[in-house]
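So the structure is just underneath, and the comments pick up after that.
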Amino acid sequence: MKIVITGASGFVGQRLVPPLAQGGVELVLVGRDIDALKQQFPGCAIITYGDIAERSKGADLLVHLAVRNNDQSGGLAEFEAANVTLLQEVVAAAKDAGIRRVLNVSSVQALECSDSPYAVSKRKAVTWLDGVEGIETRTLYLPLVHGKGFAGKLARLNRWPKPVIAVLFPVLAALKPVVHVDLIVAHILEGAEGGILSDGQSRNLAYQTLRTFLDWGFALTIIALFWWALLIVWALVKFTSPGPGLFVQKRVGRKGCSFKLYKFRTMAMGTKQAGTHEVSAASITPIGAFLRRTKLDELPQVVNILKGELSLIGPRPCLPLQEELVAERRARGVLDIRPGISGLAQTEGIDMSDPVRLAKRDSDYIGLQSILLDIKLILATATGSGRGDHVIE
(Lines give C-alpha, C1' and ligand atoms only; values in the text may rest on other atoms or scores of the structure.)
Protein backbone atom coordinates (compact mmCIF):
# COMPACT_ATOMS: atom_id res chain seq x y z
CA MET A 1 0.00 0.00 0.00
CA LYS A 2 1.26 3.45 -0.90
CA ILE A 3 -0.09 6.51 0.94
CA VAL A 4 0.61 10.20 0.39
CA ILE A 5 0.24 12.40 3.49
CA THR A 6 0.08 16.18 3.61
CA GLY A 7 0.60 18.03 6.90
CA ALA A 8 2.61 15.21 8.46
CA SER A 9 4.52 17.64 10.71
CA GLY A 10 1.40 18.36 12.81
CA PHE A 11 0.38 16.56 16.00
CA VAL A 12 -1.76 13.97 14.22
CA GLY A 13 0.72 13.45 11.39
CA GLN A 14 3.68 12.93 13.74
CA ARG A 15 1.79 10.10 15.42
CA LEU A 16 0.35 8.56 12.27
CA VAL A 17 3.54 8.22 10.27
CA PRO A 18 5.58 5.83 12.53
CA PRO A 19 2.90 3.10 12.92
CA LEU A 20 1.99 3.30 9.23
CA ALA A 21 5.65 2.95 8.25
CA GLN A 22 6.12 0.07 10.70
CA GLY A 23 3.07 -1.61 9.15
CA GLY A 24 4.83 -1.81 5.81
CA VAL A 25 3.08 1.14 4.14
CA GLU A 26 5.10 3.05 1.54
CA LEU A 27 4.78 6.68 2.59
CA VAL A 28 5.22 9.89 0.63
CA LEU A 29 5.15 12.95 2.89
CA VAL A 30 4.25 16.35 1.47
CA GLY A 31 5.23 19.67 3.00
CA ARG A 32 6.74 23.06 2.49
CA ASP A 33 9.72 22.67 4.83
CA ILE A 34 11.53 19.69 3.27
CA ASP A 35 14.50 19.79 5.64
CA ALA A 36 12.31 19.77 8.75
CA LEU A 37 10.32 16.79 7.44
CA LYS A 38 13.51 14.87 6.64
CA GLN A 39 14.69 15.40 10.21
CA GLN A 40 11.37 14.26 11.65
CA PHE A 41 10.90 11.25 9.38
CA PRO A 42 14.24 9.92 8.11
CA GLY A 43 13.79 7.17 5.56
CA CYS A 44 10.46 8.46 4.19
CA ALA A 45 10.08 10.00 0.76
CA ILE A 46 9.68 13.77 1.18
CA ILE A 47 8.25 16.00 -1.55
CA THR A 48 6.78 19.48 -2.00
CA TYR A 49 3.18 20.21 -2.97
CA GLY A 50 4.36 20.96 -6.49
CA ASP A 51 5.79 17.45 -6.79
CA ILE A 52 2.58 15.54 -5.95
CA ALA A 53 1.45 14.98 -9.55
CA GLU A 54 4.82 13.58 -10.67
CA ARG A 55 6.12 11.78 -7.60
CA SER A 56 2.93 10.21 -6.19
CA LYS A 57 1.99 8.04 -9.15
CA GLY A 58 0.64 4.65 -8.16
CA ALA A 59 -0.43 5.74 -4.69
CA ASP A 60 -3.59 4.14 -3.30
CA LEU A 61 -4.60 6.99 -1.02
CA LEU A 62 -3.86 10.62 -0.23
CA VAL A 63 -4.52 11.67 3.38
CA HIS A 64 -4.92 15.44 3.62
CA LEU A 65 -3.96 16.61 7.12
CA ALA A 66 -2.66 20.07 6.23
CA VAL A 67 -4.81 22.64 7.99
CA ARG A 68 -4.94 26.08 9.54
CA ASN A 69 -6.32 25.16 12.95
CA ASN A 70 -8.80 27.02 15.10
CA ASP A 71 -6.10 27.89 17.63
CA GLN A 72 -4.34 30.01 15.01
CA SER A 73 -5.11 33.66 14.34
CA GLY A 74 -6.21 35.14 11.04
CA GLY A 75 -9.23 36.23 9.08
CA LEU A 76 -11.54 34.21 6.85
CA ALA A 77 -9.42 34.83 3.74
CA GLU A 78 -6.36 33.33 5.40
CA PHE A 79 -8.29 30.30 6.64
CA GLU A 80 -9.87 29.73 3.23
CA ALA A 81 -6.46 29.91 1.56
CA ALA A 82 -5.16 27.14 3.85
CA ASN A 83 -8.29 25.01 4.27
CA VAL A 84 -10.05 25.41 0.91
CA THR A 85 -7.65 26.55 -1.81
CA LEU A 86 -4.85 24.21 -0.73
CA LEU A 87 -7.28 21.26 -0.66
CA GLN A 88 -8.41 22.10 -4.19
CA GLU A 89 -4.79 22.20 -5.38
CA VAL A 90 -3.97 18.91 -3.64
CA VAL A 91 -6.99 17.11 -5.10
CA ALA A 92 -6.15 18.37 -8.61
CA ALA A 93 -2.59 17.09 -8.21
CA ALA A 94 -3.87 13.76 -6.87
CA LYS A 95 -6.07 13.34 -9.96
CA ASP A 96 -3.09 14.10 -12.20
CA ALA A 97 -1.06 11.47 -10.33
CA GLY A 98 -3.78 8.86 -10.77
CA ILE A 99 -4.36 8.47 -7.02
CA ARG A 100 -7.60 6.58 -6.49
CA ARG A 101 -8.84 8.08 -3.23
CA VAL A 102 -8.51 11.24 -1.15
CA LEU A 103 -9.26 11.28 2.58
CA ASN A 104 -9.78 14.82 3.83
CA VAL A 105 -9.29 14.96 7.61
CA SER A 106 -11.39 17.54 9.43
CA SER A 107 -12.61 18.21 12.97
CA VAL A 108 -16.02 17.60 14.54
CA GLN A 109 -15.92 21.31 15.41
CA ALA A 110 -16.52 21.97 11.71
CA LEU A 111 -19.89 20.22 12.08
CA GLU A 112 -21.06 22.70 14.69
CA CYS A 113 -23.05 25.79 13.73
CA SER A 114 -20.10 28.06 14.37
CA ASP A 115 -19.23 31.16 12.37
CA SER A 116 -15.54 31.03 13.26
CA PRO A 117 -13.17 31.38 10.26
CA TYR A 118 -11.94 27.82 10.91
CA ALA A 119 -15.41 26.20 10.93
CA VAL A 120 -16.68 28.25 7.97
CA SER A 121 -13.63 27.42 5.85
CA LYS A 122 -13.72 23.69 6.71
CA ARG A 123 -17.41 23.43 5.86
CA LYS A 124 -16.78 25.21 2.56
CA ALA A 125 -13.98 22.76 1.81
CA VAL A 126 -16.26 19.75 2.39
CA THR A 127 -19.03 21.25 0.25
CA TRP A 128 -16.56 21.68 -2.59
CA LEU A 129 -15.07 18.21 -2.10
CA ASP A 130 -18.49 16.56 -2.24
CA GLY A 131 -18.91 17.88 -5.77
CA VAL A 132 -15.57 16.66 -7.12
CA GLU A 133 -15.73 14.09 -9.90
CA GLY A 134 -13.09 11.75 -11.31
CA ILE A 135 -11.65 10.69 -7.95
CA GLU A 136 -13.12 9.05 -4.84
CA THR A 137 -13.26 11.50 -1.93
CA ARG A 138 -14.17 11.14 1.74
CA THR A 139 -14.07 13.44 4.77
CA LEU A 140 -13.13 12.02 8.16
CA TYR A 141 -14.21 14.05 11.19
CA LEU A 142 -12.08 13.70 14.31
CA PRO A 143 -12.68 14.90 17.88
CA LEU A 144 -9.78 15.65 20.24
CA VAL A 145 -6.88 13.35 19.32
CA HIS A 146 -4.69 11.60 21.88
CA GLY A 147 -1.85 9.14 21.71
CA LYS A 148 1.64 9.44 23.16
CA GLY A 149 0.89 12.85 24.57
CA PHE A 150 -1.89 15.34 24.05
CA ALA A 151 -2.46 18.39 21.88
CA GLY A 152 -4.96 21.21 21.56
CA LYS A 153 -7.30 21.59 24.53
CA LEU A 154 -5.81 18.46 26.11
CA ALA A 155 -2.22 19.75 25.96
CA ARG A 156 -2.27 20.71 29.65
CA LEU A 157 -2.39 17.02 30.55
CA ASN A 158 1.20 16.64 29.33
CA ARG A 159 2.35 18.38 32.52
CA TRP A 160 0.62 15.94 34.85
CA PRO A 161 2.07 12.65 36.23
CA LYS A 162 0.83 9.51 34.51
CA PRO A 163 -1.14 8.21 37.56
CA VAL A 164 -3.09 11.49 37.67
CA ILE A 165 -3.74 11.35 33.91
CA ALA A 166 -5.03 7.79 34.25
CA VAL A 167 -7.72 9.05 36.63
CA LEU A 168 -8.44 12.44 35.06
CA PHE A 169 -8.49 11.55 31.36
CA PRO A 170 -11.56 9.23 31.40
CA VAL A 171 -13.56 12.01 33.09
CA LEU A 172 -12.51 14.54 30.45
CA ALA A 173 -13.26 11.99 27.70
CA ALA A 174 -16.74 11.55 29.18
CA LEU A 175 -17.40 15.27 28.75
CA LYS A 176 -16.09 15.52 25.17
CA PRO A 177 -15.41 12.75 22.60
CA VAL A 178 -11.81 11.78 21.88
CA VAL A 179 -10.03 9.45 19.47
CA HIS A 180 -6.75 7.55 19.84
CA VAL A 181 -4.21 7.74 17.03
CA ASP A 182 -4.07 3.93 16.81
CA LEU A 183 -7.77 3.92 15.87
CA ILE A 184 -7.10 6.43 13.08
CA VAL A 185 -4.27 4.26 11.77
CA ALA A 186 -6.49 1.16 11.79
CA HIS A 187 -9.25 3.10 10.05
CA ILE A 188 -6.90 4.20 7.26
CA LEU A 189 -5.53 0.70 6.74
CA GLU A 190 -9.00 -0.85 6.70
CA GLY A 191 -10.33 1.35 3.93
CA ALA A 192 -10.46 4.97 5.09
CA GLU A 193 -14.19 5.60 4.99
CA GLY A 194 -15.51 9.02 5.91
CA GLY A 195 -17.75 10.05 8.79
CA ILE A 196 -17.10 10.64 12.48
CA LEU A 197 -14.41 8.55 14.18
CA SER A 198 -13.99 8.43 17.96
CA ASP A 199 -13.11 6.05 20.77
CA GLY A 200 -16.78 5.91 21.72
CA GLN A 201 -18.03 5.73 25.29
CA SER A 202 -18.88 2.02 25.62
CA ARG A 203 -15.72 1.33 27.66
CA ASN A 204 -15.53 4.65 29.50
CA LEU A 205 -16.60 3.93 33.08
CA ALA A 206 -16.76 7.64 33.89
CA TYR A 207 -19.25 8.27 31.08
CA GLN A 208 -21.34 5.21 31.89
CA THR A 209 -21.50 6.25 35.56
CA LEU A 210 -22.50 9.84 34.79
CA ARG A 211 -25.04 8.68 32.21
CA THR A 212 -26.62 6.26 34.70
CA PHE A 213 -26.81 9.08 37.23
CA LEU A 214 -28.65 11.27 34.68
CA ASP A 215 -31.03 8.47 33.66
CA TRP A 216 -31.91 7.28 37.15
CA GLY A 217 -31.98 10.80 38.57
CA PHE A 218 -34.57 11.82 35.99
CA ALA A 219 -36.67 8.68 36.35
CA LEU A 220 -36.76 8.72 40.15
CA THR A 221 -37.49 12.47 40.22
CA ILE A 222 -40.49 12.03 37.93
CA ILE A 223 -41.85 9.15 39.99
CA ALA A 224 -41.19 10.73 43.40
CA LEU A 225 -42.36 14.28 42.66
CA PHE A 226 -44.83 13.96 39.83
CA TRP A 227 -46.60 10.64 40.42
CA TRP A 228 -49.83 12.55 40.91
CA ALA A 229 -49.45 14.24 37.49
CA LEU A 230 -48.92 10.84 35.88
CA LEU A 231 -52.17 9.63 37.44
CA ILE A 232 -54.06 12.70 36.19
CA VAL A 233 -52.75 12.25 32.63
CA TRP A 234 -53.61 8.54 32.74
CA ALA A 235 -57.17 9.35 33.83
CA LEU A 236 -57.58 12.02 31.14
CA VAL A 237 -56.45 9.60 28.43
CA LYS A 238 -58.61 6.73 29.68
CA PHE A 239 -61.81 8.67 30.15
CA THR A 240 -61.71 10.96 27.09
CA SER A 241 -61.57 8.17 24.51
CA PRO A 242 -62.27 4.41 24.47
CA GLY A 243 -59.32 2.29 25.48
CA PRO A 244 -56.63 2.03 28.18
CA GLY A 245 -54.66 4.97 29.52
CA LEU A 246 -51.33 3.33 28.76
CA PHE A 247 -50.09 2.15 25.38
CA VAL A 248 -47.69 -0.81 25.37
CA GLN A 249 -45.82 -1.68 22.19
CA LYS A 250 -42.90 -3.90 21.23
CA ARG A 251 -39.82 -1.97 20.12
CA VAL A 252 -36.31 -2.93 19.01
CA GLY A 253 -33.74 -2.31 21.72
CA ARG A 254 -30.06 -2.87 22.32
CA LYS A 255 -28.50 -5.75 20.38
CA GLY A 256 -31.73 -6.01 18.41
CA CYS A 257 -33.65 -7.50 21.35
CA SER A 258 -37.29 -6.48 21.60
CA PHE A 259 -38.82 -4.93 24.72
CA LYS A 260 -42.16 -3.47 25.77
CA LEU A 261 -42.21 0.33 25.58
CA TYR A 262 -44.71 2.27 27.71
CA LYS A 263 -46.43 5.50 26.66
CA PHE A 264 -49.64 7.31 27.38
CA ARG A 265 -52.02 6.40 24.56
CA THR A 266 -52.34 9.22 22.02
CA MET A 267 -54.17 7.40 19.21
CA ALA A 268 -57.57 5.83 18.86
CA MET A 269 -58.00 2.13 19.50
CA GLY A 270 -57.67 0.06 16.33
CA THR A 271 -54.97 2.28 14.76
CA LYS A 272 -52.71 0.08 12.62
CA GLN A 273 -49.32 -1.04 13.93
CA ALA A 274 -46.94 1.03 11.81
CA GLY A 275 -44.40 3.81 12.00
CA THR A 276 -46.01 7.09 13.08
CA HIS A 277 -45.18 8.62 9.69
CA GLU A 278 -47.49 6.01 8.14
CA VAL A 279 -50.44 6.82 10.41
CA SER A 280 -53.15 9.39 9.66
CA ALA A 281 -53.43 12.48 11.86
CA ALA A 282 -57.12 11.61 12.22
CA SER A 283 -56.06 8.70 14.44
CA ILE A 284 -54.74 11.04 17.13
CA THR A 285 -57.16 11.73 19.97
CA PRO A 286 -57.79 15.33 21.13
CA ILE A 287 -55.87 14.82 24.38
CA GLY A 288 -53.27 12.83 22.43
CA ALA A 289 -52.42 15.83 20.26
CA PHE A 290 -51.64 17.85 23.40
CA LEU A 291 -49.60 15.05 24.94
CA ARG A 292 -47.52 14.57 21.78
CA ARG A 293 -46.92 18.31 21.44
CA THR A 294 -45.73 18.64 25.05
CA LYS A 295 -44.00 15.19 25.05
CA LEU A 296 -45.94 14.20 28.18
CA ASP A 297 -46.89 10.97 26.40
CA GLU A 298 -43.28 9.81 26.84
CA LEU A 299 -43.21 10.04 30.66
CA PRO A 300 -44.21 6.40 31.37
CA GLN A 301 -40.91 5.44 29.74
CA VAL A 302 -39.23 6.20 33.07
CA VAL A 303 -40.20 2.58 33.81
CA ASN A 304 -38.16 1.47 30.77
CA ILE A 305 -35.23 3.53 32.07
CA LEU A 306 -35.34 1.82 35.46
CA LYS A 307 -35.54 -1.58 33.74
CA GLY A 308 -32.36 -0.76 31.79
CA GLU A 309 -34.13 -0.82 28.41
CA LEU A 310 -33.91 2.91 27.63
CA SER A 311 -31.77 5.94 28.37
CA LEU A 312 -32.80 9.56 28.33
CA ILE A 313 -30.76 10.13 25.16
CA GLY A 314 -30.14 7.67 22.35
CA PRO A 315 -31.58 6.52 19.03
CA ARG A 316 -35.37 6.31 19.21
CA PRO A 317 -36.40 2.63 19.29
CA CYS A 318 -38.32 1.51 16.21
CA LEU A 319 -40.88 -1.22 15.58
CA PRO A 320 -39.69 -4.75 14.63
CA LEU A 321 -41.64 -4.45 11.37
CA GLN A 322 -39.50 -1.47 10.28
CA GLU A 323 -37.03 -3.92 8.80
CA GLU A 324 -35.13 -1.48 6.58
CA LEU A 325 -34.37 0.81 9.52
CA VAL A 326 -33.36 -2.14 11.72
CA ALA A 327 -30.99 -3.38 9.00
CA GLU A 328 -29.46 0.07 8.46
CA ARG A 329 -28.94 0.55 12.19
CA ARG A 330 -27.41 -2.89 12.60
CA ALA A 331 -24.97 -2.25 9.74
CA ARG A 332 -23.83 1.00 11.35
CA GLY A 333 -23.51 -0.35 14.90
CA VAL A 334 -26.45 1.70 16.18
CA LEU A 335 -28.01 -1.34 17.83
CA ASP A 336 -24.90 -1.70 20.00
CA ILE A 337 -26.06 1.09 22.29
CA ARG A 338 -29.18 1.55 24.39
CA PRO A 339 -31.98 3.49 22.67
CA GLY A 340 -33.35 6.68 24.17
CA ILE A 341 -36.51 8.68 24.85
CA SER A 342 -35.05 11.45 22.70
CA GLY A 343 -31.95 11.71 20.54
CA LEU A 344 -29.78 13.71 18.18
CA ALA A 345 -31.79 12.84 15.07
CA GLN A 346 -35.11 13.51 16.77
CA THR A 347 -34.10 17.00 17.96
CA GLU A 348 -33.10 17.76 14.36
CA GLY A 349 -36.47 16.69 13.00
CA ILE A 350 -35.25 13.52 11.29
CA ASP A 351 -37.90 10.84 11.62
CA MET A 352 -38.33 7.20 10.64
CA SER A 353 -39.74 8.01 7.20
CA ASP A 354 -36.13 8.18 5.93
CA PRO A 355 -34.42 5.04 7.34
CA VAL A 356 -31.00 5.59 5.74
CA ARG A 357 -30.71 9.23 6.79
CA LEU A 358 -31.96 8.42 10.30
CA ALA A 359 -29.57 5.49 10.79
CA LYS A 360 -26.65 7.61 9.56
CA ARG A 361 -27.45 10.38 12.03
CA ASP A 362 -27.87 7.81 14.81
CA SER A 363 -24.40 6.55 13.92
CA ASP A 364 -23.09 10.12 14.10
CA TYR A 365 -24.44 10.33 17.64
CA ILE A 366 -22.33 7.33 18.67
CA GLY A 367 -19.22 9.12 17.37
CA LEU A 368 -20.14 12.37 19.14
CA GLN A 369 -21.50 10.79 22.32
CA SER A 370 -20.58 12.66 25.50
CA ILE A 371 -22.20 13.92 28.69
CA LEU A 372 -22.17 17.52 27.49
CA LEU A 373 -23.91 16.53 24.24
CA ASP A 374 -26.47 14.45 26.17
CA ILE A 375 -27.28 17.42 28.41
CA LYS A 376 -27.56 19.67 25.36
CA LEU A 377 -30.03 17.25 23.75
CA ILE A 378 -32.04 16.95 26.99
CA LEU A 379 -32.40 20.74 27.12
CA ALA A 380 -33.24 20.91 23.40
CA THR A 381 -35.97 18.30 23.87
CA ALA A 382 -37.37 20.05 26.94
CA THR A 383 -37.56 23.38 25.09
CA GLY A 384 -39.45 22.07 22.09
CA SER A 385 -37.12 20.27 19.69
CA GLY A 386 -37.93 16.78 18.50
CA ARG A 387 -41.68 16.31 18.62
CA GLY A 388 -41.55 12.79 17.21
CA ASP A 389 -42.37 11.36 13.81
CA HIS A 390 -44.74 13.34 11.62
CA VAL A 391 -48.12 11.78 10.90
CA ILE A 392 -49.96 11.86 7.57
CA GLU A 393 -52.06 15.02 7.41
In the range 82-241, what percent of the accessible surface is made up of carbon and sulfur (1.4 Å probe, ligands and nucleic acids excluded)? 64
In whole Å and largest first, what semi-axes does the C-alpha gyration tensor of the range 143-213 yield when each eigenvalue is scaled by 5 and square-rooted? 22, 17, 9
About the Cα centre of the range 102-145, what is the dipole size in debye to 20, counting +1 per Lys and Arg Cβ and -1 per Asp and Glu Cβ, all else neutral? 100
So what's Rg/Rh here for the range 329-371, counting alpha carbon atoms and using the Kirkwood radius for Rh? 0.92
Beta bridges by DSSP in the range 69-173, antiparallel share as percent, to the nearest 5: 20
Between the range 43-121 and the range 279-335, how far is it from one alpha carbon centroid to the other, in angstrom? 41
Rounded to the nearest 20 debye, dipole of the range 1-97 from Cβ charges on Lys, Arg, Asp, Glu: 240
In the calculated pair distance distribution of the range 23-122, what percentage of Cα-Cα distances lie above 18 Å? 53
Spatial extent of the range 78-140: Rg and Dmax, with the Cα atoms as the point set, Å: 11.7, 36
Report the charge-dipole magnitude of the chain in Debye, nearest 20, computed about the Cα centre from +1 at each Lys and Arg Cβ and -1 at each Asp and Glu Cβ. 1300
Calculated diffusion of the range 40-92, Stokes-Einstein form, Kirkwood radius summed over Cα pairs, 37 °C and 0.692 mPa s, µm²/s: 253
What order do CYS113, CYS318 take when sorted by accessible area (1.4 Å probe), most exposed first? CYS113, CYS318
Of all the Cα-Cα pairs you can form in the range 117-166, what percent are over 14 Å apart? 66
Where a label projected 7 Å from the Cα of CYS257 along Cα→Cβ would reach, residues of the range 326-353 with amide N under 12 Å: 338
GNM flexibility winner over the chain from VAL164, VAL67, VAL303 (Cα, springs under 10 Å): VAL164
On a 0 to 90 degree scale, rounded to 10, what angle separates helix 371-382 from the longest Cα axis of the chain? 40
For the chain, using Cα atoms only, the Rg and Dmax in Å read 24.7, 81
Relative contact order for the chain: what is it in percent, counting Cα pairs under 8 Å that are at least 6 residues apart? 12
From the helices alone, meaning DSSP H stretches of at least four residues, give me the mean residue ellipticity at 222 nm for the chain, per-run term -39500 (n - 2.57), in deg cm²/dmol to the nearest 500. -13000 deg cm²/dmol
Starting from a Cα-only point model with no solvent, please compute log10 I(q)/I(0) by Debye for the range 94-234 at q = 0.15 1/Å. -0.91
Charge dipole of the chain about the Cα centre (unit charges at C-beta), most positive-ward option of LEU296, PRO170, VAL120: LEU296
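The values are calculated or read from the model by the stated rules, or taken from the named source; none is laboratory data. Everything numeric here is computed off the predicted structure, so don't read it as measured data. Using ideal geometry, Cβ is built from the backbone for each residue, glycine included, and neighbour counts are taken over all protein chains shown. Heavy atoms of the whole protein, side chains included, go into the accessibility calculation; ligands, DNA and RNA do not. Shrake-Rupley method; radii C 1.70, N 1.55, O 1.52, S 1.80 Å.
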